[in-house]
Structure formats: C-alpha cells, structure tokens
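Peer 1: Please see the structure below; I have some questions.
The values are calculated or read from the model by the stated rules, or taken from the named source; none is laboratory data. Remember, predicted model here, so these are calculated numbers, not experimental data. Counting neighbours? That spans all protein chains shown, and the Cβs are built from the backbone with ideal geometry, glycine included. Accessible surface is based on the protein model in full, side chains and every heavy atom, while ligands, DNA and RNA are left aside. Shrake-Rupley method; radii C 1.70, N 1.55, O 1.52, S 1.80 Å.
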Amino acid sequence: MDTFRKQDVLKPYFSTSYGCAAFSSVAKGGIFFVGGAYGSGDVYKLTEGGSSQEQVCKVDLIQAIGGFVLGGEVYSEIIFFETEADYDRFMNGNVEFSADAKAVALTATVETAATTMGNKGIQGGLTADQTSVRGFDYSGTKPEFTKGMKVFTVTLGGLMYQATIAGQKFNIKK
C-alpha cells in the first residue's frame, strides 16, 4: 500500500474512494502462448478521507493469460472502489477480462491495458518509486472510474514481454 500512497496522482483516489483492494506482490509468468499470475492481498474500507484504512478481509488474485507472453515479473496492484455499491459488487466475487501490452526489464517498465475494471493509460518508469501513473479525466480535475472501479499497477521487477488477453478472478476470504 505504501508504494501507492507515495504517488501524488493517487491521493484523490484515496480521499474519495469508498475502499480498495491492495496486492503488495503479484507474481506473473509465461512462455509463448500461455501464462498466469497469483497474488494475495487485503481489502480495505477507507476512512477519514482516505488517510487511514480498516482491513476487512483477505483476497487472492488468480489470472490466466493467453497470447504472446515470455518471461516473468512481480508487481503491486491496487483497485479502488468509487462507492459502497461498487465495493459490494467486488466482494460478491467476479471475473474480469483485459487486453494488455507490456515490456519489463529489471525494474523498468512501460505498459497499457484495456480492462472491464477500467482502462490504464500508458504507465512507465525506471523503478517502482519512479513509475508514473495516470488516472484523471482529461480536464485533470477529478479521478476517473470505469464501472465504479480503477486499477493501478507498479512493476517491482522482472524480465517480460507480453501482448495478451487475460481473465482475472478474485477469491474473497471473509
């Protein structure tokens, strides 16, 4: 969670979102046309304008990948929920789909994705602390959400190339 709290552009998400799911470490790998990812994290309700959080439960992330993929990486991921209804929809379990293009070399990364949980603009950086993320509408005045959610990832390290379609499942452990 600290990796994401350091990002100035995400502060409005922390202050306006009802809650979030944070995965400090997700391992992803694949070779040729098949791959997968797994990580476990925590679901939080954000309180006091996002300056603190209450842990609600644990959650596992499982991803199946198809397309061109070669290598492996470790990344952090956070999913913000705009309202209580969006939070409840996530807590009831779901499967999400994405189309991704990414290149990772050690800690340097560049990526973009279109997902059913919210599109990611181009993100890139040489290290996790230097990775810049984008999440505002084009006027730059308010956070963007798609279907009440917004996803951000920060690569921690690896060597991977991918142009894939993926399905992601979240197992809530209440």
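Peer 1: Could you sort 9, 34 by accessible area so the largest value comes first, with the probe set to 1.4 Å? Walk me through the intermediate numbers first.
Peer 2: Details: 9 40, 34 95 Å².
Sorted by accessible area, descending: 34, 9.
Peer 1: Heavy atoms of the protein only, probe of 1.4 Å, neighbouring chains included. What is the accessible area of residue 159 in Å², nearest 10?
Peer 2: So the heavy atoms of residue 159 present about 100 Å² to solvent.
Peer 1: Considering only Cα-Cα distances, which of the following residue pairs are longer than 21 Å: 11/45; 147/169; 6/142; 6/173; 11/174; 147/173? Present the calculation step by step, with values, prior to reporting the outcome.
Peer 2: Details: 11/45 15 Å; 147/169 17 Å; 6/142 19 Å; 6/173 28 Å; 11/174 28 Å; 147/173 23 Å.
Where the Cα-Cα span goes over 21 Å, the pairs concerned are 6/173; 11/174; 147/173.
Peer 1: Using per-residue counts of other Cβ atoms within 10 Å, averaged over each peptide, order 164-170, 79-85 from highest down. Don't skip to the end; give the middle numbers.
Peer 2: Details: 164-170: 17.6, 79-85: 19.7.
Result, highest mean first: 79-85, 164-170.
Peer 1: Using a Förster radius of 22 Å, what is the FRET efficiency between residue 2 and residue 31 based on their Cβ-Cβ separation? Nearest 0.05, please.
Peer 2: 0.10
Peer 1: Under the 0.36 nm per residue contour assumption, what length would be gained going from the current alpha-carbon distance of residue 142 and residue 85 to full extension?
Peer 2: Numbers: separation 57, 0.36 × 57 = 20.52 nm, distance 1.96 nm.
Length difference between fully extended and current span is 18.6 nm.
Peer 1: Given a 1.4 Å probe, how much area per residue of the range 33-75 is accessible, in Å²? Can you show the working numbers first?
Peer 2: Values: 1980 Å² over 43 residues.
On a per-residue basis, the range 33-75 sits at 46 Å².
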